[in-house]
Amino acid sequence: AQKITQTQPGMFVQEKEAVTLDCTYDTSDPSYGLFWYKQPSSGEMIFLIYQGSYDQQNATEGRYSLNFQKARKSANLVISASQLGDSAMYFCAMRDVNTNAGKSTFGDGTTLTVKP
Amino acid sequence: DVKVTQSSRYLVKRTGEKVFLECVQDMDHENMFWYRQDPGLGLRLIYFSYDVKMKEKGDIPEGYSVSREKKERFSLILESASTNQTSMYLCASSRASYNEQYFGPGTRLTVT
């Protein structure tokens, strides 16, 4: 069965600094995708970044990068140069390609607060 | 840009009422999903659909049903609303089973 673990319920970071949000996963499917989503206080979930299990390089999207360590089954999100608007809840998620009919499993989330 | 819309941002219903939550996506996505989100319980999948008229139960389907008559529209139905169905309901869509999901703004449902 799929499982996503986010061990940091809350994180604080100073504006303009970098922050790493942890995510570990477990699956028996060799083909899977890993995703990070942001949920501001308004409630809408926003897709940030994707990493495929066979991708050789870590994914990057602007200030977001995914530190993918396959052997450790970790997919940490790195946000560089934090901004006040980055304050939100962040969810790690995964989807198995071959099993679970494409269902996603989400972690419990990490609340990030950016301090001015 | 992908757009997923939900019929209401806030909804208040009485116990026993039949409730319809509508979701529409404009990107011709195959997959559509309904989640509920509760504090301390995270996102839980209620139902999903990978094609028109097809549906699959998620983790917590009890008390809910769904309908997908057209590709762009996925409806969640609470046959007889109960207070324990007070929650935030999120609809999402994705192009294929391994792609990212795009979410609607959510419907905060209160059942009194």
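The values are calculated or read from the model by the stated rules, or taken from the named source; none is laboratory data. Computed from a prediction, not measured in an experiment: that's the story for all the values here. A quick note on method: Cβ atoms are made from the backbone with ideal geometry, for glycine too, and the neighbour counts reach across all protein chains shown. Ligands, DNA and RNA are excluded from the accessible area calculation, which covers all protein heavy atoms including side chains. Shrake-Rupley method; radii C 1.70, N 1.55, O 1.52, S 1.80 Å.
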(message) How high is the relative contact order of the range A:28-103? Use alpha-carbon pairs under 8 Å, at least six apart in sequence, and give a whole percent.
(response) 37
(request) Apply the Debye scattering formula to the range B:11-112, with a single equal point scatterer on each alpha-carbon and no solvent, then give log10 I(q)/I(0) at q = 0.23, 0.24 Å⁻¹. (result) -1.25, -1.34
(request) May I ask you to list the residues of the range B:66-80 whose amide nitrogen lies under 20 Å from a point 7 Å from Cα along the Cα→beta-carbon direction of B:K53? (result) B:66-77
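May I ask you to give the percent of accessible area on the range A:1-56 that is carbon plus sulfur, with a probe radius of 1.4 Å?
Details: 1420 of 2800 Å².
Taking all protein chains in place, the range A:1-56 shows 51 percent carbon and sulfur surface.
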(message) I want to make sure I understand the PRE zone here: with the label point 7 angstrom from the Cα of A:S41 toward its beta carbon, which residues in the range A:63-89 have backbone N atoms less than 15 Å away?
(response) A:84-89
(message) Spelling out what I want: for every residue of the range A:37-42, take phi, set θ = phi - 60°, compute 6.51 cos²θ - 1.76 cosθ + 1.60 (Karplus), and round to whole Hz; glycine and proline get x.
(response) 10, 10, 10, x, 5, 5
(request) Report the net charge of residues surrounding B:Y47, where surrounding means a beta-carbon distance below 12 angstrom and charges are Lys +1, Arg +1, Asp -1, Glu -1. (result) +3
(message) Around B:R68, under 9 Å between beta carbons, what's the net of Lys plus Arg minus Asp minus Glu among the other residues?
(response) +3
(message) Test of understanding: given chain B, find the longest segment containing no trypsin sites (Lys or Arg not before Pro) that are in a DSSP loop and have at most 11 other Cβ atoms within 10 Å.
(response) B:54-112
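Semi-axes of the equivalent ellipsoid for the range A:1-53, please: Cα gyration tensor eigenvalues, times 5, square-rooted, ordered largest first, whole Å.
Values: eigenvalues 114, 39, 28 Å².
Taking √(5λ) for each eigenvalue gives 24, 14, 12 Å, largest first.
To the nearest 100 Å², how much accessible surface do chains A and B hide from each other in total, with a 1.4 Å probe? Don't jump to the answer; show the numbers that get you there.
Numbers: alone 6330 and 6260 Å², together 10930 Å².
Adding both sides of the contact gives about 1700 Å².
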(request) Classify chain A as rounded, prolate or oblate from the Cα gyration tensor: take a ≥ b ≥ c as the square roots of its eigenvalues, call it rounded if a/c is under 1.5, otherwise prolate when a/b beats b/c and oblate if not. (result) prolate
(message) Would any residue of the range A:26-40 have its amide N under 15 Å from a label point 7 Å out along Cα→Cβ of B:A96? List them or say none.
(response) A:31-34
(message) Need one number for the protein assembly as shown: average projected area of the convex hull over its C-alpha atoms, nm².
(response) 12.2
(request) Kindly write out, for the range B:38-45 in residue order, the coupling ³J(HN,Hα) from the Karplus curve 6.51 cos²θ - 1.76 cosθ + 1.60 (θ = phi - 60°), rounded to whole Hz, with x marking Gly and Pro. (result) 10, x, x, 10, x, 8, 10, 7
(message) How big is the dipole moment of the range B:1-92 about its Cα centre under a simple scheme where the beta carbon of each Lys and Arg is +1, that of each Asp and Glu is -1, and everything else is neutral? Debye, nearest 20, please.
(response) 260
(request) Can you find, among A:Q8, A:I46, A:P30, the residue farthest towards the positive end of the dipole of the range A:1-92? Put +1 on the C-beta of Lys and Arg, -1 on that of Asp and Glu. (result) A:P30
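Taking the Cα centre of chain A as the origin, how large is its charge dipole in debye, to the nearest 20, when only Lys and Arg (+1) and Asp and Glu (-1) carry charge on their Cβ atoms? Provide the component values of the computation, followed by the final result.
Numbers: 10 positive and 11 negative charges, 22 e Å.
Using Cβ point charges on Lys, Arg, Asp and Glu, chain A gives about 100 debye.
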(message) Give me, ordered by chain and number, the residues 5 or more places off A:N98 or on other chains with an amide H under 5 Å from its own placed amide H.
(response) A:S31
(message) Through the Karplus equation 6.51 cos²θ - 1.76 cosθ + 1.60, θ set to phi - 60°, convert the phi angles of the range B:70-82 into ³J(HN,Hα) values in whole Hz; use x for Gly and Pro.
(response) 10, 4, 8, 10, 9, 10, 10, 10, 9, 4, 8, 4, 10
(message) Can you give me the long-range amide H partners of B:Y47? Hydrogens built in the peptide plane at 1.01 Å from N, cutoff under 5 Å, separation of 5 or more residues or another chain.
(response) B:W34, B:G58
